[in-house]
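Colleague: Before I ask anything, here is the structure I am working with.
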Amino acid sequence: MALQQLPSPEILKAYPVIFNGKRARWRQLRKNGKSARREDRPNSWFEMIDPDGNGVWPIHPKEGWEGRWSIGPDTWKSIKHTPEVKWEKRKSGWTPYRIEVASDTPTMPSSTIFDDVGQNRQAKAQLNQILGTNHGFDTPKPFDLIEKIISLVSDRDCLVLDSFCGSGSTAHAVLDLNNKDGGRRRFITIEMSDDIATNVALKRLKNVVCGYRSQFKSTDIVYQKKVTLRDLQNPDALMSEMEEIRDEKRSEYDEVKVSIEDGLLTVSGVFGTDDDIQGLGGGFRFCTLGESLFDEFGDIAPAVSFPDLAAHVFFAETGAPIPARADSGSSLIGLHDKKAIYLLFEPAVQNVSRKAAGNVLTPDALSHLPKPSQGFPDQRIVFAEGCTVSPERLKAEAVIFKQIPYQIEGM
Ligand SMILES: C[S@@+](CC[C@H](N)C(=O)[O-])C[C@H]1O[C@@H](n2cnc3c(N)ncnc32)[C@H](O)[C@@H]1O
């Protein structure tokens, strides 16, 4: 997976030349570095002619080994007489350079150590601010850390999956990123605990989408010292010491305050506010899982209803959601791509044979399959527990029988 580069306007400082109205810099055409050897790319070992008419080869000027140019002979041919190229006379002789124009939106790779994001302590304070201190969830992760990871690995309309939702930090990060850059990222996040899902994640996400009154503000004293006569004689040194601490702590807190009271200088870090916090916008759907359709042996679980099994069968067969919730009064559960999908299934009834329960495709059942109102489809796919219709008749009537549960796609 390729990591995204991060916007980095300060890189432009390294491009001091203006070339065709853009920032640029001159780069040597001889590749530097010990791994840029002639044998690595033989095509880039060729002769260039310097302004005195002599041949120049990409040989290391001090160590004398055979290196290579950063381009091949065809590119050289196309640029050698253009302003893109210049020659400079150095101690070692004429050296060719090519101009490199900076991107209009410069970026650079992210550092592999993230020191500009919150830590778990801040994550807890963030959650307290959104939900108050009684939410009971102890292990939230900082959503700005998750934001950074999402920005690095995906684009602005990706789908983010977090199967361990917890307090919903990942979903919060997605909503916040979309709010910042107008992206259209979506998320799916899954939580197995009803309590955490409804009382922590759901409440958090409602608050951050719609806005809320901040419920938590806490202050840590991060530095304290008694102001001495010596400090008063040298207030500049005292101030710069304070500024240093303030800068160091700024990324950890929402606000860093400095005060002097009763001869005591105090630097404190403040988490949260007691203001109204504007909503991030966006939205989400909160879904709960129904009963499992299949038991541990792969059989249809006894409690499964016709509409639930129909929804699953239709999706597994077509890859599309069922057009409308199925009605157990009709075995025709939906149409897709010129195919009609049928399900013969009555939730298992003890002591009733499968045939009597209507779970078998019999010649009679086939004759009575409901016809789609939009005209006859090219094919009918009938899911049932068994089939007593001859293969010839099935073929003649363009019917494919699929046995449940074994022939449901994905089983
Ligand atoms: C460490 S917490 C995740 C914290 C989350 N990243 C946050 O910032 O709030 C792990 C969460 O995953 C949930 N969990 C664990 N196993 C799970 C599973 N198999 N399916 C769904 N949720 C699961 C736990 O109930 C817990 O809430």
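Colleague: Name the residue, out of Asn54, Asn134, that is free of Cβ contacts under 8 Å to residues at least 12 places away in the same chain and either out of contact with any Ser or Thr (no Cβ under 7 Å at 6 or more places or on another chain) or closer than 17 Å to Lys31 by Cβ (or both). Break it down stepwise before answering.
Modeller: Numbers: Asn54 fails: free of Cβ contacts under 8 Å to residues at least 12 places away in the same chain.
From the options Asn54, Asn134, the qualifying one is Asn134.
Colleague: For region 182-196, which positions are out of contact with any Ser or Thr (no Cβ under 6 Å at 6 or more places or on another chain) and surrounded by fewer than 19 Cβ atoms within 10 Å (Cβ to Cβ)? Outline the logic, then answer.
Modeller: Within region 182-196, the first condition is being out of contact with any Ser or Thr (no Cβ under 6 Å at 6 or more places or on another chain), and the residues that meet it are 182-188, 191-196.
Of everything in region 182-196, those that are out of contact with any Ser or Thr (no Cβ under 6 Å at 6 or more places or on another chain) and surrounded by fewer than 19 Cβ atoms within 10 Å (Cβ to Cβ) turn out to be Gly182, Gly183, Arg184, Arg186, Ile188, Met192, Ser193, Asp194, Asp195, Ile196.
Colleague: Report yes if Val270 is of a type in the set (Val, Ile, Thr) and out of contact with any helix residue (DSSP H, G or I) (no Cβ under 6 Å at 6 or more places or on another chain), otherwise no. Working first, answer last.
Modeller: Working: of a type in the set (Val, Ile, Thr): yes; out of contact with any helix residue (DSSP H, G or I) (no Cβ under 6 Å at 6 or more places or on another chain): yes.
Taking the combined requirement at face value, the residue satisfies it.
Colleague: Would you call Asp116 part of a loop (DSSP other than H, G, I, E, B) and of a type in the set (Asp, Glu)?
Modeller: So Asp116 fits the description; yes.
Colleague: Can you confirm whether Asp138 is assigned to a loop (DSSP other than H, G, I, E, B), farther than 30 Å from Lys13 by Cβ and of a type in the set (Asp, Glu)? It would help to see each step written out before you state the result.
Modeller: Values: assigned to a loop (DSSP other than H, G, I, E, B): yes; farther than 30 Å from Lys13 by Cβ: yes; of a type in the set (Asp, Glu): yes.
In short, yes.
Colleague: I'd like to check something: does region 119-131 contain any residue that is in a loop (DSSP other than H, G, I, E, B), surrounded by 14 or more Cβ atoms within 10 Å (Cβ to Cβ), of a type outside the set (Asp, Glu) and within 16 Å of the ligand (Cβ to nearest atom)?
Modeller: no
A quick yes/no check of all residues on (1) hydroxyl-bearing (Ser, Thr, Tyr); (2) surrounded by 14 or more Cβ atoms within 10 Å (Cβ to Cβ); (3) not assigned by TED's automatic domain parsing to the domain that holds Trp94:
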site: Pro42; (1), (2), (3): no, no, no
site: Trp57; (1), (2), (3): no, yes, no
site: Arg68; (1), (2), (3): no, yes, no
site: Ser78; (1), (2), (3): yes, no, no
site: Thr82; (1), (2), (3): yes, no, no
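Colleague: Right, Asp50: more than 30 Å from Leu152 (Cα to Cα), surrounded by 11 or more Cβ atoms within 10 Å (Cβ to Cβ) and touching a strand residue (DSSP E or B) at 6+ places or on another chain (Cβ under 9 Å) or not?
Modeller: Numbers: more than 30 Å from Leu152 (Cα to Cα): yes; surrounded by 11 or more Cβ atoms within 10 Å (Cβ to Cβ): yes; touching a strand residue (DSSP E or B) at 6+ places or on another chain (Cβ under 9 Å): yes.
Spelling it out, Asp50 is indeed more than 30 Å from Leu152 (Cα to Cα), surrounded by 11 or more Cβ atoms within 10 Å (Cβ to Cβ) and touching a strand residue (DSSP E or B) at 6+ places or on another chain (Cβ under 9 Å).
Colleague: Restricting region 173-194 to residues that are outside any loop (DSSP other than H, G, I, E, B) and among the aliphatic types (A, V, I, L, M), which is nearest to the ligand (Cβ to nearest atom)?
Modeller: Our first condition is that a residue be outside any loop (DSSP other than H, G, I, E, B); within region 173-194, this holds for 173-181, 186-189, 194.
Retained after the next criterion (residues that are among the aliphatic types (A, V, I, L, M)): 173-175, 177, 188.
Values: Ala173: 9, Val174: 13, Leu175: 14, Leu177: 15, Ile188: 12 Å.
Here the answer is Ala173.
Colleague: Starting from residues that are within 14 Å of the ligand (Cβ to nearest atom) and of a type in the set (S, T, N, Q), keep the ones in region 149-167 and report whichever is surrounded by the most Cβ atoms within 10 Å (Cβ to Cβ). Quick ask: steps written out before the conclusion?
Modeller: At the first step, the residues of region 149-167 found to be within 14 Å of the ligand (Cβ to nearest atom) are 149-150, 160-167.
Applying the additional criterion that residues be of a type in the set (S, T, N, Q) yields 163, 167.
Numbers: Ser163: 10, Ser167: 27.
Step by step, filter region 149-167, then rank; the result is Ser167.
Colleague: Which of the residues belonging to region 57-81 are of a type in the set (Asp, Glu) and either part of a strand (DSSP E or B) or touching a residue at least 24 places away in the same chain (Cβ under 8 Å) (or both)?
Modeller: Of region 57-81, the ones of a type in the set (Asp, Glu) are 63, 66, 74.
Matches in region 57-81: Glu66 only.
Colleague: On the basis of being more than 24 Å from the chain's Cα centre (by Cα) and modelled with pLDDT of 90 or more, does Asp157 make the cut?
Modeller: Numbers: more than 24 Å from the chain's Cα centre (by Cα): no; modelled with pLDDT of 90 or more: yes.
So Asp157 fails the test.
Colleague: Then there is this: Residues Thr198, Thr170: which one is β-branched (Val, Ile, Thr), touching a helix residue (DSSP H, G or I) at 6+ places or on another chain (Cβ under 6 Å) and either within 16 Å of the ligand (Cβ to nearest atom) or touching a residue at least 60 places away in the same chain (Cβ under 8 Å) (or both)?
Modeller: Just one listed residue meets the conditions, Thr170.
Colleague: Whether any residue in region 140-148 is away from the ligand (no atom under 13 Å from the Cβ), under 30 Å from Gly211 (Cβ atoms) and outside the structural domain of Lys249 (by TED's automatic domain parsing) is what I want to check. Break it down stepwise before answering.
Modeller: Residues of region 140-148 away from the ligand (no atom under 13 Å from the Cβ): 148.
After this cut, where a residue has to be under 30 Å from Gly211 (Cβ atoms) as well, the list is 148.
Restricting the remaining residues to those that are outside the structural domain of Lys249 (by TED's automatic domain parsing) gives 148.
Yes: region 140-148 contains one or more residues that are away from the ligand (no atom under 13 Å from the Cβ), under 30 Å from Gly211 (Cβ atoms) and outside the structural domain of Lys249 (by TED's automatic domain parsing).
The rows are residues; the columns are (1) at pLDDT below 90; (2) charged (D, E, K, R); (3) closer than 15 Å to Ile71 by Cα.
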site: Ile11; (1), (2), (3): yes, no, no
site: Ala14; (1), (2), (3): yes, no, no
site: Phe19; (1), (2), (3): no, no, no
site: Arg25; (1), (2), (3): no, yes, no
site: Arg30; (1), (2), (3): no, yes, yes
site: Lys34; (1), (2), (3): yes, yes, no
site: Asp40; (1), (2), (3): yes, yes, yes
site: Trp45; (1), (2), (3): no, no, yes
site: Asp50; (1), (2), (3): no, yes, no
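Colleague: Something else now. Among Gly281, Gly298, Gly290, which is touching a residue at least 12 places away in the same chain (Cβ under 8 Å), touching a helix residue (DSSP H, G or I) at 6+ places or on another chain (Cβ under 7 Å), farther than 30 Å from Gly183 by Cα and assigned to a loop (DSSP other than H, G, I, E, B)? Show your work before the answer.
Modeller: Working: Gly281 fails: farther than 30 Å from Gly183 by Cα; Gly298 fails: touching a helix residue (DSSP H, G or I) at 6+ places or on another chain (Cβ under 7 Å).
Going through Gly281, Gly298, Gly290 in turn, the sole match is Gly290.
Colleague: Scan region 269-292 residue by residue and report those that are crowded, with 18+ Cβ neighbours inside 10 Å and more than 30 Å from the chain's Cα centre (by Cα).
Modeller: Gly269
Colleague: For region 200-275, please list each of the helices (runs of 4 or more DSSP H) lying entirely inside it that holds at least 1 residues being at negative phi and assigned by TED's automatic domain parsing to the domain that holds Gly136. Talk me through it step by step, then tell me what you get.
Modeller: Details: elements: 202-210, 229-233, 235-250.
By residue number, 202-210.
Colleague: Taking the conditions exactly as written (surrounded by 10 or more Cβ atoms within 10 Å (Cβ to Cβ) and of a type in the set (Ser, Thr, Tyr)), does Ser259 satisfy them or not? Even if it seems obvious, please write down each step before you answer.
Modeller: Details: surrounded by 10 or more Cβ atoms within 10 Å (Cβ to Cβ): no; of a type in the set (Ser, Thr, Tyr): yes.
Spelling it out, it is not the case that Ser259 is surrounded by 10 or more Cβ atoms within 10 Å (Cβ to Cβ) and of a type in the set (Ser, Thr, Tyr).
Colleague: Whether any residue in region 94-105 is small (Gly, Ala, Ser) and assigned by TED's automatic domain parsing to the domain that holds Arg25 is what I want to check. Before you say what the answer is, go through the steps one by one.
Modeller: Here is the first cut: in region 94-105, the residues small (Gly, Ala, Ser) are 102-103.
Cutting the leftovers down to assigned by TED's automatic domain parsing to the domain that holds Arg25 gives us 102-103.
Scanning region 94-105, I find at least one residue that is small (Gly, Ala, Ser) and assigned by TED's automatic domain parsing to the domain that holds Arg25, so the answer is yes.
The values are calculated or read from the model by the stated rules, or taken from the named source; none is laboratory data. These numbers were taken from a predicted model, which means no experiment stands behind them. All Cβ positions, even for glycine, are placed from backbone atoms using ideal geometry, and neighbour counts span all protein chains on display.
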